[in-house]
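Enquirer: The structure that follows is given in the form of structure tokens.
The values are calculated or read from the model by the stated rules, or taken from the named source; none is laboratory data. None of the values given here were measured: they were computed from a predicted structure. Ideal geometry is used to build each Cβ from the backbone, glycine not excepted, and the neighbour counts take in all protein chains shown.
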């Protein structure tokens, strides 16, 4: 059991006060048709839903667009300070959702307030300096390399063969790893994402890679994200550099992989969309934007913890209650789809006010979003250019979604196509 990182008495585990029966945050509904589940939640509970996490831990799932916007716009009342959670005395060290919720750590992802802003001051300029043409160049080279490995077969599992390895291979180059280490980092992150028996050792290997990179770039700086972080004038410890690099790589890996996979799935399974692309009326960018609205990689994001008792969506929220941001649900909130005043642009896939990257002070930094978008769009464009007759290799209903309420991706995406020769480019 862990001890509470914050002072003061902590209540025993119990459902959030004043709420009806909590909805289990697990089950096939999240994997098959989460939007139907969100609609049911809205009817029964409104925009703020009492939920129960595995292990019996209570939380609130915020599924209203306005309510998510309010929480993410007020970091003083709703900080991303995991140390405030009022359930810490009851959380076992092996709780399976601990990687999602996190622990208080000196990193950009698990810090709050001024400490969080200090990390952003160092990290954001290092990401902003990444040349988008360099990202596209790396994306093209590495996409071709991955496609070369299966293009002569006429079949592939795009998730394992393409969508998952591409983002981490590009990110490894950008932060300063030689290509020889990129493949192992991709394996490490896959073991972490799978959450199986290898996850603990994978996390240690991941940290080891980053610690060695920090030491190498301190001795021999280059034109890369890590070297720019080390050159920042404020003082950081090696642990902080290591944790921030782990956060950037891990956060950009699976979300970008699922963005690619979900976009390709859309283009292969929706006849109207495929026909519109063939006629030049829709583009890869359109597919990617629609996915962010309708099928975003991050469905639920942890978390926010109010510093005092408050009200949200007619619910009484206690200090230290865990708020989960229902980004996927908020993007389909009927209030904004109807174009109500104060909401986001209405219509499917319309506008750029989706919450797929969250919102406010703790949202995904804008340069990181641009890097992810460039990697995803480049990869899809190269894939469609190399394999123009790509089609799904199994019935659509045979595709299996990732078994998670938090993440939205496909575990495998079997495809077939006319075999083509590899490019033969070793770069």
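Enquirer: Filter segment 410-427 for residues that are closer than 15 Å to residue 161 by Cβ and either modelled with pLDDT under 95 or not in a strand (DSSP E or B) (or both) and give the result.
Expert: Correct list: 410, 411, 412, 413, 417, 419, 420, 422.
Enquirer: Out of (1) closer than 15 Å to residue 323 by Cα; (2) in contact with a helix residue (DSSP H, G or I) (Cβ under 7 Å, 6 or more places away or on another chain); (3) outside any helix (DSSP H, G or I), what's the single condition that is false for residue 109?
Expert: With respect to (1) closer than 15 Å to residue 323 by Cα; (2) in contact with a helix residue (DSSP H, G or I) (Cβ under 7 Å, 6 or more places away or on another chain); (3) outside any helix (DSSP H, G or I), residue 109 is out only on (1).
Enquirer: Does segment 54-63 hold any residues that are farther than 15 Å from residue 310 by Cα and surrounded by 23 or more Cβ atoms within 10 Å (Cβ to Cβ), and which are they?
Expert: 61, 63
Results for (1) out of contact with any strand residue (DSSP E or B) (no Cβ under 7 Å at 6 or more places or on another chain); (2) over 27 Å from residue 26 (Cβ atoms), shown as yes or no for each residue.
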{"position": "49", "(1), (2)": "no, no"}
{"position": "65", "(1), (2)": "yes, no"}
{"position": "73", "(1), (2)": "yes, yes"}
{"position": "78", "(1), (2)": "no, no"}
{"position": "109", "(1), (2)": "yes, no"}
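Enquirer: OK, next. Just to verify a result, which residue in segment 388-406, among those that are farther than 17 Å from residue 160 by Cα and in contact with a helix residue (DSSP H, G or I) (Cβ under 9 Å, 6 or more places away or on another chain), is surrounded by the fewest Cβ atoms within 10 Å (Cβ to Cβ)?
Expert: Per the criteria, the residue is 396.
Enquirer: Also, quick follow-up: For residue 114, state whether it is without any contact (Cβ under 8 Å) to a residue 12 or more places away in the chain and surrounded by fewer than 16 Cβ atoms within 10 Å (Cβ to Cβ).
Expert: It is true that residue 114 is without any contact (Cβ under 8 Å) to a residue 12 or more places away in the chain and surrounded by fewer than 16 Cβ atoms within 10 Å (Cβ to Cβ).
Enquirer: Also, I was wondering about something else. Consider segment 237-273. How many of its residues are more than 15 Å from the chain's Cα centre (by Cα) and closer than 18 Å to residue 208 by Cα?
Expert: Residues flagged as more than 15 Å from the chain's Cα centre (by Cα) and closer than 18 Å to residue 208 by Cα within segment 237-273 amount to 9.
Enquirer: Would you confirm whether or not segment 123-133 contains a residue that is under 17 Å from residue 256 (Cβ atoms), buried (at least 17 other Cβ atoms within 10 Å of the Cβ) and touching a residue at least 12 places away in the same chain (Cβ under 8 Å)?
Expert: Checked segment 123-133: at least one residue is under 17 Å from residue 256 (Cβ atoms), buried (at least 17 other Cβ atoms within 10 Å of the Cβ) and touching a residue at least 12 places away in the same chain (Cβ under 8 Å).
Enquirer: Give segment 281-326 a look and list any residue that's modelled with pLDDT under 95, touching a strand residue (DSSP E or B) at 6+ places or on another chain (Cβ under 8 Å), farther than 17 Å from residue 52 by Cα and not in a loop (DSSP other than H, G, I, E, B), or say none.
Expert: 298
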